[in-house]
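Structure, as structure tokens:
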Amino acid sequence: MTKAEGSKNLAEETTQHEKVAGATKRLTTDKKLTPQEVKGKLVEFSWFMQREGYKPSTITGRLDNIKYFVNHGLGPDLLRPEVIKDFIAKQTNWGDGYKANMIVAYTTFLAMHRISWNPPRYNRPERMPYIPLELELDQLITTTGKRMSVFLQGLKETAADPGELQATKWIDLNPQAKTISINHPVKGHKPRIIDVSRELIERLLVLPKKSEKVFQANIKSLQRNFHNQRKTAARKFNNPRLLEITFTTFRHWRATMEYHKTKDIL
């Protein structure tokens with residue numbers, strides 16, 4: 001190898017190292033983003049979580065958390081952890097559990113950019129789940145709109161996670177056996193077949209079949225509608241306890257009833 005060839009190879013090798021270093025270089029945290037860059041970061045964040053194997057419900061939740069920062073004027077500061085930390089600290093109306101969720105979402109966002117930070121410490125408070133009377137669950141089931149009413153009855157009878165029931169397809173129903181197959185489990189749950197009442201099957205079958213899914217609306221839309229209809233029910237029955245009931249309350253209620261029957265937590 002001549003001296004000239006050696007110098008050429010060394011220059012090429014140096015260039016390659018610079019390219020690799022540039023590709024993996026950690027972004028600075030003092031950069032302000034333009035509105036167009038913010039939009040791009042949101043799309044990039046969604047794709048990043050998909051590639052990392054996050055569940056769709058997790059992707060939606062964490063993306064919504066980052067959008068909250070954007071919608072409150074922090075879009076340009078998304079790569080500036082200290083600004084985000086100050087904003088979270090000033091939210092006196094947020095509980096520690098909510099703050100912890102926002103921090104988890106933002107930590108995931110920073111991980112996409114290989115940016116490290118010292119997140120504030122907020123612990124989710126532990127408390128017993130609210131267990132209503134069966135009568136109160138039935139009050140919501142009988143008061144809400146047609147599709148919402150069927151969804152709530154489905155939650156009550158299957159004890160499924162709301163996201164699992166929302167993902168149910170028509171093909172998952174077996175009217176003859178009176179069962180519903182949970183084929184889209186979340187949070188580490190397993191697929192399963194659940195026996196339900198003939199009444200629930202009949203109510204499901206009369207719903208409009210506009211798509212392959214029984215409940216077309218996404219879980220966020222269902223929750224918004226439920227919150228509005230829950231207020232109406234609470235006023236109708238003069239029962240503020242109804243306002244404490246969420247989709248997951250139906251699951252907790254069913255689990256409690258099963259435990260009382262079997263004394264077996266599993």
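Each reported figure results from applying straightforward, stated rules to the coordinates on display, with no laboratory input. Bear in mind that the values here come from a model prediction, so they are computed numbers and not experimental data. So basically every Cβ, Gly included, is an ideal-geometry build from the backbone, and we count neighbours across all protein chains shown.
Brief remarks on what is shown
- Distance from the alpha carbon centroid of region 105-123 to that of region 126-166 works out to 35 angstrom.
- Counting 0.36 nm for each residue step from K187 to M128 and taking away their Cα separation leaves a gain of 19.3 nm.
- Sparsely packed GluC sites (Glu not before Pro) within region 187-266, loop by DSSP, other Cβ within 10 Å at most 16: E212
- Furthest towards positive pole of dipole, F151, W117, G97, structure part the chain, Cβ charges: F151
- Normalised contact order of region 134-262, rounded percent, pairs of Cα under 8 Å and 6 or more residues apart: 31
- Size of charge dipole - region 24-112 - debye, nearest 20, with Cβ of Lys, Arg +1 and Asp, Glu -1, no other charges: 160
- Along region 245-261 the Karplus relation, 6.51 cos²θ - 1.76 cosθ + 1.60 evaluated at θ = phi - 60°, assigns HN-Hα couplings of 7, 10, 4, 6, 4, 4, 5, 5, 4, 5, 4, 5, 5, 5, 5, 4, 6 Hz to successive residues, with x for each Gly and Pro.
- Two-site label geometry, Y259 and D195: point separation in nm, points 7 Å out along Cα→Cβ: 2.3
- Label corresponding to Cα extents along the principal axes in Å when calculated from the structure given, among [x] 52, 44, 34; [y] 72, 44, 40; [z] 87, 46, 40: [z]
- In this structure, the amide hydrogen of K169, modeled 1.01 Å from its nitrogen in the peptide plane, lies closer than 5 angstrom to those of V214, counting only residues at least 5 positions away or on a different chain.
- Each Lys and Arg Cβ is given +1 and each Asp and Glu Cβ -1; about its Cα centre, the chain then shows a dipole of about 480 debye.
- Charge dipole (debye, nearest 20) of region 118-224; +1 at Cβ of Lys and Arg, -1 at Cβ of Asp and Glu: 480
- Positive-end residue, the chain charge dipole about Cα centroid, Cβ charges, pick of S221, Y130, L63: S221
- Order by protection proxy (mean Cβ within 10 Å, highest first), peptides 150-160, 216-226: 150-160, 216-226
- Dividing the summed -39500 (n - 2.57) terms of all DSSP H runs of n ≥ 4 by the residue count of the chain sets its mean residue ellipticity at 222 nm at -18000 deg cm²/dmol.
- Against the chain, whose longest principal axis comes from its Cα atoms, helix 219-236 is set at around 40 degrees.
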